[in-house]
Amino acid sequence: VSGLTKTRNNIVSGLNSIFTGFSNIDDDFYEELEETLIMSDIGVNTTEEILDTLKEQVKELKIKEPMECKDLLIKNIEEQMDIGENAYDFENQRSVILMIGVNGVGKTTSIGKLASQFKKNNKKVVLAAADTFRAAAAEQLKEWADRAGVDIVSGKEGSDPGSVLFDAISSAKNKGADILLCDTAGRLHNKKNLMEELKKLDRIIEKEYGGCHRENFIVLDATTGQNALVQAKQFKECADITGVILTKMDGTAKGGIAIAIQAELGIPVKYIGVGEQIDDLQKFDAHDFVEALFN
Ligand code: GDP
């Protein structure tokens, strides 16, 4: 795991000063610990659960030294994030991935990065530029498609997203594509609109490309902290979200948001974005993530 220097420095320096600075496990110790975890955007509820468990363990095991708590703390954090194995089934079958997210979070960039990764793994990829709402969206996506070396299907500005998807499915069928990555104008201005748009796309996929594996990914900007969590909650009410792509993790000291998303919403973080370049996207593994940040 790389690209997490800011978060790591923040958490590690915070925890080290607590573990070495306190000689007793007392209320002040727990308070400092709580503050450090919340400051890194792990989330209030998750932090409380982590600390409640820790307090019980300290009592039960009669632990006296703060330093002895460290491994327990790390284990508790991992347990909070444990929502089963993070599956990447879509990689090995005919799949459609819908990409949802508000403007500016890094949706276009993430689609480009994903397309490039799939391509490098010898997958045939087709992009559908079905965000026809925003003028520059299709052009921007075309640039990423060229960079990644994959095909793209787009329509005219303002055209029906459904018809773009329809054309993209035809193209995917003709080419025997493995993965169809579909950009959407999935925004939150209006929940009803969003739900209707997604339902429409769903129906087209069912009808034209039945039996394919489905994923709905939301793209969230880690630098927006707790707002990202709020967005995720709202999207979850509108669609069957199967994964999160958490962008700009390189630009924040509060990467703990990845923990909050998994622990509080139960949605797996599938990938993290760690830069603006095409290769700056990593698969997410909760265990590796916690190890990288806390050790
Ligand atoms: P969209 O409006 O959601 O499609 O967002 P874009 O893909 O256009 O990205 C918005 C900005 O965020 C661009 O300047 C990207 O280079 C930048 N960006 C996207 N992902 C990352 C990331 O993981 N790290 C960093 N540092 N910047 C990113």
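Summary of values
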item: Residue list for segment 120-134, filter: part of a strand (DSSP E or B) and without any contact (Cβ under 8 Å) to a residue 24 or more places away in the chain; result: none
item: The lone exception for residue 282 - which of (1) part of a helix (DSSP H, G or I); (2) open to solvent by 30 Å² or more (accessible area, probe 1.4 Å) it fails; result: (1)
item: Close pairs from segment 10-29: first touching a residue at least 24 places away in the same chain (Cβ under 8 Å), partner among the aliphatic types (A, V, I, L, M), Cβ under 6 Å, at least 6 apart; result: 10/253; 11/293; 18/33; 19/67; 25/58
item: Residues satisfying the stated conditions in segment 265-279, i.e. touching a Lys or Arg at 6+ places or on another chain (Cβ under 8 Å), within 13 Å of the ligand (Cβ to nearest atom) and either open to solvent by 20 Å² or more (accessible area, probe 1.4 Å) or without any contact (Cβ under 8 Å) to a residue 60 or more places away in the chain (or both); result: 278, 279
item: From 164, 244, residue being within 23 Å of residue 47 (Cα to Cα) and of a type in the set (A, V, I, L, M, F, W, C); result: 244
item: Any hit, segment 256-264, residues being within 15 Å of residue 5 (Cβ to Cβ), of a type in the set (A, V, I, L, M), touching an Asp or Glu at 6+ places or on another chain (Cβ under 6 Å) and within 15 Å of the ligand (Cβ to nearest atom); result: no
item: Verdict on residue 201 being away from the ligand (no atom under 16 Å from the Cβ), open to solvent by less than 10 Å² (accessible area, probe 1.4 Å), in contact with a Cys (Cβ under 9 Å, 6 or more places away or on another chain) and not β-branched (Val, Ile, Thr); result: yes
item: Output for segment 178-191, where each listed residue is open to solvent by 50 Å² or more (accessible area, probe 1.4 Å) and touching a Cys at 6+ places or on another chain (Cβ under 9 Å); result: 191
item: Filtered residue count, segment 168-199, keeping only those that are under 24 Å from the mean Cα position of the chain (by Cα) and not in a strand (DSSP E or B); result: 16
item: Flag if residue 240 is within 13 Å of the ligand (Cβ to nearest atom) and open to solvent by 40 Å² or more (accessible area, probe 1.4 Å); result: no
item: Residue within segment 5-13 that is out of contact with any helix residue (DSSP H, G or I) (no Cβ under 8 Å at 6 or more places or on another chain) and away from the ligand (no atom under 16 Å from the Cβ) present; result: yes
item: Top-ranked residue of segment 45-68 - restricted to ones that are more than 31 Å from the chain's Cα centre (by Cα) and β-branched (Val, Ile, Thr), ranked as surrounded by the fewest Cβ atoms within 10 Å (Cβ to Cβ); result: 63
item: Out of 95, 17, sole residue that is among the hydroxyl-bearing types (Ser, Thr, Tyr) and open to solvent by 40 Å² or more (accessible area, probe 1.4 Å); result: 17
item: Qualifying residue in segment 246-254 (condition: more than 16 Å from the ligand (Cβ to nearest atom) and either more than 21 Å from residue 148 (Cβ to Cβ) or not in a helix (DSSP H, G or I) (or both)); result: no
item: Count - residues of segment 135-177 that are surrounded by fewer than 20 Cβ atoms within 10 Å (Cβ to Cβ) and in contact (Cβ under 8 Å) with a residue 40 or more places away in the chain; result: 5
item: Filter pass, residue 228 being part of a helix (DSSP H, G or I), touching a strand residue (DSSP E or B) at 6+ places or on another chain (Cβ under 6 Å), under 18 Å from residue 8 (Cα atoms) and aliphatic (A, V, I, L, M); result: no
item: Cβ-Cβ under 9 Å pairs, at least 6 apart or on other chains, segment 217-228 side free of Cβ contacts under 8 Å to residues at least 40 places away in the same chain and within 12 Å of the ligand (Cβ to nearest atom), far side among the small types (Gly, Ala, Ser) and assigned to a helix (DSSP H, G or I); result: 223/251
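The values are calculated or read from the model by the stated rules, or taken from the named source; none is laboratory data. Bear in mind the structure is a predicted one, so any value in this text is a computation, not a measurement. As a convention, Cβ positions derive from the backbone with ideal geometry for all residues, glycine included, and neighbour counts pool all protein chains shown. For the accessible areas, the whole protein counts, side chains as well, though only heavy atoms, and no ligand, DNA or RNA atoms are used. Shrake-Rupley method; radii C 1.70, N 1.55, O 1.52, S 1.80 Å.
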